[in-house]
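Below is one structure, written out as structure tokens, with a few remarks after it.
The values are calculated or read from the model by the stated rules, or taken from the named source; none is laboratory data. All values derive from a computational prediction rather than experimental measurement. Cβ atoms come from the backbone with ideal geometry, glycine included; neighbour counts cover every protein chain shown.
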There are 2 protein chains.
Amino acid sequence: MRHLPALVLALLTTTPVIAADPAAVPYPQAYRSWHHVKSMVINPGHGLYDAFGGIHHLYANAAAMKGYKSGAWPDGAVIVFDLLEARSADNAITEGARKVVGVMHRDAKKYAATGGWGYEGFKGDSRSERAVGANAAAACHTCHVAQKDSAFVFSKLRP
Amino acid sequence: MRHLPALVLALLTTTPVIAADPAAVPYPQAYRSWHHVKSMVINPGHGLYDAFGGIHHLYANAAAMKGYKSGAWPDGAVIVFDLLEARSADNAITEGARKVVGVMHRDAKKYAATGGWGYEGFKGDSRSERAVGANAAAACHTCHVAQKDSAFVFSKLRP
């Protein structure tokens, strides 16, 4: 190592700083303590099973709760679609491993091309491995367009 | 009205104060915004179907979260077992009407006879119609005794 130029040595020993995509949807820190909106189980045979089979829970941050209640979604509203394996045994369904943490992140300007929502999916328990990336329009928004009258949000707040 | 003695008039126009049972478990106000602990579906054929069939969610207040994390449950810890109908259709299970709001309320002295937990069930969406009342020992604690090593709590916090 002592023969390497100082600059190379510095590069080797410093964590590289990669310019983050400003449009990247951030991982929803601490969403597990957000408001639980509702849940659903999608079983084999359902049209969305390949994509969303399992048991999912929706969580809303405080800004998203305003959206659920008023229909007006402020920038900063975040909805999490927390998808877990659904394990069927002994006439019960229990929660298994996490499959994906889906995110809708409201920013009317930044995500204007997809209805004001940024979409992302974080694989399993990873906070960095992204399943959607630049494909939000085709991978997510195409289906959410059907909910245009409710600001592209499928879920309703359960009492 | 003007012929009524003042005392009677006062009684008629004042909301009557009914001495509440000091051991009664209070309705868990605002539990829907508490931390969502975990969920489960109990289907026909399960041994607990008659009592708890449907989809249930467990919620914990801040004191109960300390219990889930540390194993030590402070007085004031409250766990809610929110039981909804599970509607199966089109290869999916969705949430239906609320069946009961089950409550475990920690007070080591007040509920010493049932392991330090007060138990109650509020029927459907009622905040006053009680399903357990004075029968907590037989109706609830008898089963929870199996979980003595975890302070009589069945559920574990899901990540």
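Going by what's in this entry, would A:VAL80 be described as of a type outside the set (Phe, Trp, Tyr), under 14 Å from A:CYS140 (Cα atoms), touching a residue at least 60 places away in the same chain (Cβ under 8 Å) and not in a loop (DSSP other than H, G, I, E, B)? Considered against the rule, which asks whether it is of a type outside the set (Phe, Trp, Tyr), under 14 Å from A:CYS140 (Cα atoms), touching a residue at least 60 places away in the same chain (Cβ under 8 Å) and not in a loop (DSSP other than H, G, I, E, B), A:VAL80 comes out as no.
Select from segment A:108-124 the residues that are out of contact with any helix residue (DSSP H, G or I) (no Cβ under 9 Å at 6 or more places or on another chain) and among the small types (Gly, Ala, Ser) and list them in ascending order. Passing the criteria: A:ALA108, A:ALA112, A:GLY116, A:GLY124.
Applying the set (1) facing chain B (nearest Cβ under 10 Å); (2) under 26 Å from B:ALA60 (Cβ atoms) to A:LYS69 leaves exactly one unmet item: (1).
Flag: B:PHE154 does not match the condition of being within 14 Å of another protein chain (Cβ to nearest Cβ) and in contact with a Ser or Thr (Cβ under 8 Å, 6 or more places away or on another chain). Any chance segment B:130-139 includes a residue that's assigned to a strand (DSSP E or B) and either at pLDDT 95 or above or within 14 Å of chain A (Cβ to nearest Cβ) (or both)? So far as segment B:130-139 goes, yes, one or more of its residues are assigned to a strand (DSSP E or B) and either at pLDDT 95 or above or within 14 Å of chain A (Cβ to nearest Cβ) (or both). Look at segment B:49-63: where a residue is closer than 21 Å to A:VAL41 by Cβ and a partner is small (Gly, Ala, Ser) and part of a loop (DSSP other than H, G, I, E, B), sitting 6+ places away or on another chain with Cβ atoms under 8 Å, you get B:LEU58/B:SER155.
Any residue that is under 17 Å from B:ALA77 (Cβ atoms) and assigned to a loop (DSSP other than H, G, I, E, B) - is there at least one of those in segment B:114-129? Outline the logic, then answer.
Just the residues of segment B:114-129 that are under 17 Å from B:ALA77 (Cβ atoms), to begin with: B:114-120.
Imposing the further condition that a residue be assigned to a loop (DSSP other than H, G, I, E, B) reduces the set to B:115-116.
Looking through segment B:114-129, at least one residue is under 17 Å from B:ALA77 (Cβ atoms) and assigned to a loop (DSSP other than H, G, I, E, B).
Looking at segment B:43-55, is at least one residue assigned to a strand (DSSP E or B), crowded, with 21+ Cβ neighbours inside 10 Å and not basic (Lys, Arg)? Taking every residue of segment B:43-55 in turn, at least one turns out to be assigned to a strand (DSSP E or B), crowded, with 21+ Cβ neighbours inside 10 Å and not basic (Lys, Arg). Under 9 Å by Cβ, and 6 or more places apart or on different chains, what pairs join a residue from segment B:26-39 that is in a helix (DSSP H, G or I) with one that is charged (D, E, K, R) and modelled with pLDDT of 95 or more? The qualifying pairs are B:TYR31/B:ASP82; B:ARG32/A:ARG158; B:ARG32/B:ASP82.
Out of A:LYS110, A:LYS99, I need the residue that is touching a residue at least 12 places away in the same chain (Cβ under 8 Å), not polar (S, T, N, Q) and not in a strand (DSSP E or B). Which one? Write out each step before concluding.
Numbers: A:LYS99 fails: not in a strand (DSSP E or B).
Result: A:LYS110 is the single residue among A:LYS110, A:LYS99 that is touching a residue at least 12 places away in the same chain (Cβ under 8 Å), not polar (S, T, N, Q) and not in a strand (DSSP E or B).
For segment B:97-116, does any single residue satisfy the condition of being in contact with a Gly (Cβ under 8 Å, 6 or more places away or on another chain), surrounded by 14 or more Cβ atoms within 10 Å (Cβ to Cβ) and at the interface with chain A (Cβ under 9 Å from one of its Cβ atoms)? Looking for residues that are in contact with a Gly (Cβ under 8 Å, 6 or more places away or on another chain), surrounded by 14 or more Cβ atoms within 10 Å (Cβ to Cβ) and at the interface with chain A (Cβ under 9 Å from one of its Cβ atoms), one finds at least one in segment B:97-116, hence yes.
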